[in-house]
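One structure is given here, and the rest of the page talks about it.
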Amino acid sequence: MAANTTVCNDTSEAVELFKSQGLYLKPIARLNVCVQLPKLKEPGKSISNWEVMEKIKSMAKATFIPVLKIIKSTMEFIRLEGEADNKSLIKTLIQILEGKTIKLSGFPELLKVKAGDAKINFPSQHDWDSFFRDAKNMDEMKAGERPDTIHLKDLPTRWFASKHSDKDQPCEHLVRRIFETYGEVRCIDIPMLDHYRKEMISSKTGNMQTFSFSSNLTFEAFVQYKEYIGFVNAMNSLRAMKLLYIPNEEGEKAYTALVKVDFDKSKHLSDRSIKKRRLEREKLEQLEREREEKVRKEREEEERKIMEERRKKEEEEREKERKKQEKIERRERRRKEREEKRRQKALERKKLEEEKKYQLKIQMEERRFLIAQRKLESIRLLGELFARVKESKREESERERLRRVMKGGKSKLRSAAVIPKEVPKPPPSERDLLAAEMTKNPLDWRKRGEEWIAEEYQAKVLPKHQRHKNVKGFPFHDSPNFKSSARFKGKVKYTPHTEWKKRLKLKEQEMRRWKEWSEWKKQFLYWKSKYAAPIPFME
């Protein structure tokens, strides 16, 4: 609520102004109280205004005075102004207070009290007629320069606000409808609704009036009527009246507000002033548009700079990220290259070691085979030597026997040749066939080792699409020594590893068979020499 509003407890004297909005007019009931002060004889002694007010209120306690204030205080008297709820109470209060005395603490004298009706400051018809008659810069033939405009101040904003709009601003249409009850309204101006009014230069110069926009609780308005009678009716209706607001909702309190009413003396709603304000408003609108455009451009420029800086930062970040990624990729590539080099070196070392092992193994096998071959050759040589020695011994013994027989002169010996029976030979076994095959086509183990290394290279080093297929019929399975062997007939699939193992095992078996065969040969030669047929006697 505004500062000039008070709670109203008595609405009996209300005069309807605009019922739908809850606005009424109520007469102002006001009295003046004057207290004569004694002469102060003692220096430093003073009279308490608050005590005087309390004494006046206690004297009129039968009649409630809602408002009592001091309007003037001098060394001779104190003047107070009081306000009651209705006119009838004023007369009662005057009868109670007129001619009475009060006693203040510290003063032996009695103070006399006088009371009477208060004069309300409101312009009369004589005032505005004389003003416009005597004014030299006024033309009564023009609107706004004659008595046709009412200037109202301290109107509560919420009482004149529309129910369907912002309650912190008055509604111009509603104000027009309220004051059209006294006559046809030509023009209305509410400075609060014009947000350019604060900046208008013309409002600070010439006859233009300035306005206060410090608070939105109250506002002021200029109402101009088309006819003089409407202006007179409105002034007479508002004379010595205050505004009463009675809410339409039940249970809410009624309030009154003192409104300052005067006729316009500044030609506020004259055509010239309206045109000045319109031109000034257009200038201010243009300035505001320019300011807005400038602000918009500055904002766009700032946003553009911000976007440019952001773009640069993003580019820098992307560049940093790219360099970082490239560094990581180079590091990873170098690491992979180092790992690949180490892996290649390890593979090469492993390959060299395996090749050395294979070469050593082949050499060992060749050495063993050579030793076995030399042993066999030595056995054959010894056997042949022994056979020749035995034959020479037999011939020598035969000659010795014949010589003895010839010397003795005995009878002729007739000897018949003993033809030994032929022993049927058994069919050759698999061992004999294998021995004959190995004797006929001895293995070249160095060549087979090289073939095995080539097979290992095909199986472990080359990719799959470049390898020979591990099926029967490819070149490294076409060895005549193994293909013709009965041991490998019917086999379909070979692998280098299993084939090498089998060949090593076969080599061991062959060496064992060579040893058995050599032993058998020794026995055969022994028994052959023992049971050989005797040589026929020749004379």
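Which members of region 133-161 meet the condition of being more than 24 Å from Gly82 (Cα to Cα), in contact with an Asp or Glu (Cβ under 6 Å, 6 or more places away or on another chain) and open to solvent by 10 Å² or more (accessible area, probe 1.4 Å)?
Met138, Asp139, Glu145, Arg146, His151 - these are the residues of region 133-161 that are more than 24 Å from Gly82 (Cα to Cα), in contact with an Asp or Glu (Cβ under 6 Å, 6 or more places away or on another chain) and open to solvent by 10 Å² or more (accessible area, probe 1.4 Å).
Select the strands (runs of 3 or more DSSP E) contained entirely in region 236-284, then report the ones holding at least 1 residues which are surrounded by fewer than 16 Cβ atoms within 10 Å (Cβ to Cβ) and at pLDDT 90 or above.
The strands (runs of 3 or more DSSP E) meeting that bar are 260-263.
Restricting attention to region 67-104, report how many residues are farther than 14 Å from Cys34 by Cα and touching a helix residue (DSSP H, G or I) at 6+ places or on another chain (Cβ under 7 Å).
The total comes to 2.
Within 30 Å of Arg158 (Cα to Cα), assigned to a helix (DSSP H, G or I) and either touching a Gly at 6+ places or on another chain (Cβ under 9 Å) or open to solvent by 70 Å² or more (accessible area, probe 1.4 Å) (or both) - does that describe any residue in region 58-66?
Checking region 58-66: not a single residue is within 30 Å of Arg158 (Cα to Cα), assigned to a helix (DSSP H, G or I) and either touching a Gly at 6+ places or on another chain (Cβ under 9 Å) or open to solvent by 70 Å² or more (accessible area, probe 1.4 Å) (or both).
For Leu433, are the conditions met, namely being part of a helix (DSSP H, G or I), of a type in the set (A, V, I, L, M), at pLDDT 80 or above and open to solvent by 90 Å² or more (accessible area, probe 1.4 Å)?
Against the criterion (part of a helix (DSSP H, G or I), of a type in the set (A, V, I, L, M), at pLDDT 80 or above and open to solvent by 90 Å² or more (accessible area, probe 1.4 Å)), Leu433 does not qualify.
Considering each of Phe77, Phe64, Phe18 in turn, give the residue that is of a type outside the set (D, E, K, R) and modelled with pLDDT under 80.
Phe64
Among the strands (runs of 3 or more DSSP E) lying completely within region 86-203, list those that include at least 2 residues that are modelled with pLDDT of 90 or more and under 25 Å from Arg239 (Cβ atoms).
Per the criteria, 149-156, 185-189.
Do you know which residues across region 21-47 are open to solvent by 40 Å² or more (accessible area, probe 1.4 Å), of a type outside the set (A, V, I, L, M, F, W, C) and modelled with pLDDT under 80?
Selection gives Lys39, Lys41, Glu42, Pro43, Gly44, Lys45, Ser46.
The values are calculated or read from the model by the stated rules, or taken from the named source; none is laboratory data. Keep in mind that this is a model prediction, so the values were computed, not measured. Glycine also receives a Cβ, built like all others from the backbone with ideal geometry; neighbour counts cover every protein chain displayed. Ligands, DNA and RNA are stripped out before the accessible areas are found, and what is left, the full protein with its side chains, is counted by its heavy atoms. Shrake-Rupley method; radii C 1.70, N 1.55, O 1.52, S 1.80 Å.
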